[in-house]
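Here is the structure we will look at, set down as C-alpha cells.
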Amino acid sequence: MTAQEIFEKLRTEAGDAVIECVVQPSYDPFIRIAPQAVFDICHSLRDDELLAFDYLMSLSATDLGDDLGVVYHLYSTKWKHKLVVKTQVPKDNPVVPSVERIWRSADWHEREAFDLLGVRFDGHHNLIRILLPYDWEGHPLRKDYRTPETYHGMKV
Amino acid sequence: MGLLNKLDDPYEGGGIVLGKVEELLNWGRSKSDWYLHFGLACCAIEFMAMNASHFDFMRFGTIPRTSPRQADFIMITGTVTFKMADRIKILYEQMAEPKYVISVGSCSNSGGPYWEHGYHVLKGIDQIIPVDVYIPGCPPRPEAFEEGMILLQKKISRQAIFNKRKRLGTE
C-alpha cells in the first residue's frame, strides 16, 4: 500500500488523530499523527492484516525549535512496503507513549532519544540514559544545550 | 642492550661481566613489559594488526594482560569519553608501580576530531593520568606503534632505581 492509501485507511479508523499525509517529490512520504494516539495507531499498524508493519527500522527524535519531533520508520516484511510516521510534542512537556511493547527494538531507540533529546516515553519499562553517564545533566542534542565547563573535575 | 655488549669483551678468565645492578634490572624491566590494553576505538583495530604476525608486537617482550594488577603499562588506544575517563583513572590507580602509559592516536593525545566541539570527549588523556609516550596518528601505522614501544623501552632502561631521591635531586 502507498502512504496515501494507508493514511486514508487510518483516517477511517482513528479519525482526527491522524493529521495529514505529506507527499513530496524526492522525499519519503510521511504521515503525521497526534502524540497521544501514537500507541493505538502503531498497534493497528502492526496488527492489521493489510498493513502488517512488523519491523521498526528506526526510531529517532529531532529538535524542531519549540517542539520535539519523533520519527518512526516502519517496514512490512509481509507486504514489502514502508511507512514513515511523525509526531510532535512541545518541549516543555515532551511526553510520547512508548511503542516498546509493540516493537521490542524500540527499547534502546527510545532510551537513546530520551538520553540525547529528552523525549520522555510514557510506558517504557526502563527509561534511563543509554550512552551518556547516568549523572549527566541536560540533553546534548537539543539546540539550546549549553556545554558544561567541567565534568567530574575534568575540563570539557 | 648495554649489558649484552659487554659480553663480547669479557675480562680474562671469562664469564665475568662488570656492570651496574641497576643496568641489569633496567635491562630486564625494559625487555619484559606486560601491558593492559585499553582499546576504545579504531586505534585498537590498528593495534590488532600490530599484534598479528606481520609486525609481531610480542617480540618486544610484551604480553597482553587482562588485569591492571599484572600490567607494567597501559595502552590507551582510541577516543576517551568522559564516561570512560573515570574508568581509566580507576584502572590506572589499580596498576602496581612502576607503571607507564602509552597514549595512542590523536583522540587520546588531544581529543582528535572532537577537540573543539565534542561535549563528551576528554581533550587528551594527560588531563587525568601522566603519559610517558605519545604515538601520533589517526590511527597510527604499526610502525608508529613500534617506535613508541622502543621509546618506552629506552625510557625504562635509563631510569634510576637506587638512591633515587638523592640522584634525581642533583640532576
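Legend: Rg and Dmax of the range A:3-155, from Cα coordinates, 16.7, 57 Å.
The 3J(HN,Hα) values that the Karplus relation (6.51, -1.76, 1.60; θ = phi - 60°) gives for the range B:85-100 are, in residue order, 4, 4, 6, 4, 4, 4, 4, 5, 5, 7, 6, 7, 6, x, 10, 10 Hz. Gly and Pro appear as x.
Exposed loop sites are taken as trypsin sites (Lys or Arg not before Pro) in a DSSP loop (any state but H, G, I, E or B) with at most 16 other beta carbon atoms within 10 Å; the longest stretch of chain A without one runs A:1-77. For the residues B:S110, B:S67, B:S30, a GNM of chain B with alpha-carbon springs under 10 Å puts the largest fluctuation on B:S67. The aspartates and glutamates whose alpha-carbon is closer than 17 Å to the alpha-carbon of B:K83, local same-chain residues fewer than 8 away aside, are A:E112, A:D115, A:D135, A:E137, A:E149, B:E93, B:D126. Under 5 Å between amide hydrogens, built in the peptide plane, is the criterion, and for B:G137 it picks out B:G105, B:S106 among residues at least 5 positions away or on other chains. Loop-resident trypsin sites (Lys or Arg not before Pro) (DSSP state other than H, G, I, E or B) in the range B:109-161 with no more than 11 further Cβ atoms inside 10 Å of their Cβ: B:R158. Here the ratio of the Cα radius of gyration of chain B to 2.2 N^0.38 Å is 1.17. Summing charges over all other residues whose Cβ lies under 13 Å from the Cβ of B:Y134, with Lys and Arg as +1 and Asp and Glu as -1, gives -2. A cut-off of 5 Å between modelled amide H atoms, ignoring neighbours fewer than 5 places along the same chain, links B:D72 with B:W34, B:Y35, B:L36. Here the spin labels are modelled as points 7 Å beyond Cα on the Cα-Cβ line, and at B:Q159 and B:Q127 they lie 2.7 nm apart. Diffusion of the protein assembly as shown by Stokes-Einstein, at 4 °C in a medium of 1.567 mPa s and with Rh set to the Kirkwood radius over alpha-carbon pairs, works out to 53 µm²/s.
Between B:K31 and A:Q4, the modelled labels are 8.1 nm apart [label points 7 Å from Cα along Cα→Cβ].
With R₀ set to 25 Å, the beta-carbon distance separating A:V71 from B:M48 gives a calculated FRET efficiency near 0.10.
Volume of the convex hull of the range A:42-130 (Cα atoms only), normalised per residue: 81 Å³.
In whole Å, how far is the Cα centre of the range A:108-142 from that of the range B:115-162? Taking the Cα centre of the range B:115-162 as reference, the centre of the range A:108-142 is 34 Å away. Using 0.36 nm per residue and subtracting the Cα-Cα separation, the extra length available between A:E20 and A:Y134 on full extension is 37.2 nm. Taking amide H as placed 1.01 Å from N in the peptide plane, A:Y55 has its amide H under 5 Å from the amide H of A:Y75, A:T77, each at least 5 places away in sequence or on another chain.
As a calculated quantity, the FRET efficiency between B:L168 and A:R104 at R0 = 56 Å, using C-beta atoms, amounts to about 0.40. At R0 = 56 Å, how high is the FRET efficiency between B:I90 and A:D54 if r is their beta carbon distance? Nearest 0.05 is fine. For R0 = 56 Å, the calculated efficiency reads 0.80. Compared with the rule-of-thumb size 2.2 N^0.38 Å for a compact globular protein, the range B:82-170 has a Cα radius of gyration ratio of 1.26.
Bear in mind that the values in this text are calculations on the coordinates, not laboratory data. No experiment lies behind these values; they were computed from the predicted model shown. Because the Cβ atoms are built from the backbone with ideal geometry, glycine has one as well, and the counts that use them run over all protein chains shown.
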